[in-house]
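Everything on this sheet refers to the single structure shown next.
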Amino acid sequence: MFILTNTGSNSLLATYIASIGLLSGCSLLPSNADAENALKIQTLMTDLGSCQFDEHERKTMYQAASAGNRIPFPLLICEGKRSDSYSQRWLQSRRSVDYNILGSYFEATDTKLSSSHAGYGAALIEITMPDWGAVCSNQGYDETTCDHMVYGINAPHIDNVSKNKALQLELYQMKLAQVKTIPVIKDTILMPLKHNAKGQLIANWVEDAGAQRTSRALADKLGEVINNNGKPIPISSYNQQYDLLQQQDLPQQYRGVFYYATPQYIDYSNRPLPQYAIPLRKGVQVRGYKTSIYRALAN
């Protein structure tokens, strides 16, 4: 998940959604291992994205969030309350979500590391999904109201509302459920993964050493050193901690960037829309981590 900043205001728009495409320059067909991994990743993402997870996984996600990791995306969309009619319509629309695996990296198949490292992996995933946010905005509701409409009332990352306000929001949701045509939105996420003790593929919600290794290895596998005709990328200052990468800053041959979200962990963000910018950490004064952008993904 990445953050888009509207340069005309102080608001931050958090999103985890993704879009579909093929990597240019990749003329080789995927290996059997890549194809098998892609099917497993698609199945996992479909289950998580349609709220099909057990109580153990739910607790694992909350533990990861409480430990300072980013809130796992299933909690963002599955924990809030929806009216019965809207819940049914929302779940129905989730069946059309498409997960396209742009590339993956697994230490068990891509390296000859010891078995202790064999369980970790990462994938770059484009997701096409219903844009309930656009539907809500088109109905004339404000941003805060739409957050409760889209993610569910009192979702973990939204300020809670009173009981009376929640009842009002449920009435709004019932109206939203009557909309027949839902547009779609697309974006891209970097998803850390691992295999559990039984060999099953699961999400890795913790930015641990395995996630750090494999996110960087995936960036090495799919990305390239950014080329701006030998010139630095002109990034504007956001505050003492972040620089802003605006759309015009990124050379046209690139669709997005792998960047350091922390001094150790690499994440991915698509090229921002014209009205937004990506807040990137300024160069961290640690050996080997002196640039915020690590690699770029070609169109």
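Each Cα pair under 8 Å and six or more residues apart adds its sequence gap; the mean of these over the residue count of the chain is a relative contact order of 21 percent.
For the range 189-287, the solvent-accessible area works out to 49 Å² per residue, with a probe of 1.4 Å and every protein chain left in place. Within the shell defined by Cβ-Cβ distances under 11 Å, the residues around Asn100 carry a net charge of -1, with Lys and Arg each +1 and Asp and Glu each -1.
Oblate is the label for the range 208-265. Its Cα gyration tensor axes, ordered a ≥ b ≥ c, give a/c of at least 1.5 and b/c at or above a/b. Here is how the number arises for the chain: DSSP H runs of 4 or more residues each give -39500 (n - 2.57), the sum is divided by the residue count, and the result at 222 nm is -9500 deg cm²/dmol. Dividing the mean sequence gap of close Cα pairs (under 8 Å, 6+ apart) by how many residues the range 233-286 holds gives a relative contact order of 38 percent. What you get for the chain, charging only the Cβ of Lys and Arg (+1) and of Asp and Glu (-1), is a dipole of about 220 debye around the Cα centre. Of the three principal axes defined by the Cα atoms of the range 148-299, the extents in descending order read 56, 46, 33 Å.
For the chain, the longest principal axis of the alpha carbon atoms and the long axis of helix 163-176 meet at an angle near 80°. Heavy-atom surface analysis with a 1.4 Å probe gives the chain a carbon and sulfur content of 50 percent of its accessible area.
Since only Phe258, Gly199, Ala217 are under comparison, the one whose Cα sits farthest along the positive direction of the charge dipole of the range 193-280, derived from C-beta charges on Lys, Arg, Asp and Glu, is Gly199. Take every pair of alpha-carbon atoms less than 8 Å apart whose residues are at least six positions apart; their mean separation over the length of the range 49-196 yields a relative contact order of 30 percent.
The values are calculated or read from the model by the stated rules, or taken from the named source; none is laboratory data. Just so we're clear, the structure is a prediction, and the values are computed from it rather than from any experiment. Ideal geometry is used to build each Cβ from the backbone, glycine not excepted, and the neighbour counts take in all protein chains shown. We work out accessible area using only protein heavy atoms, side chains counted, and drop any ligands, DNA or RNA first. Shrake-Rupley method; radii C 1.70, N 1.55, O 1.52, S 1.80 Å.
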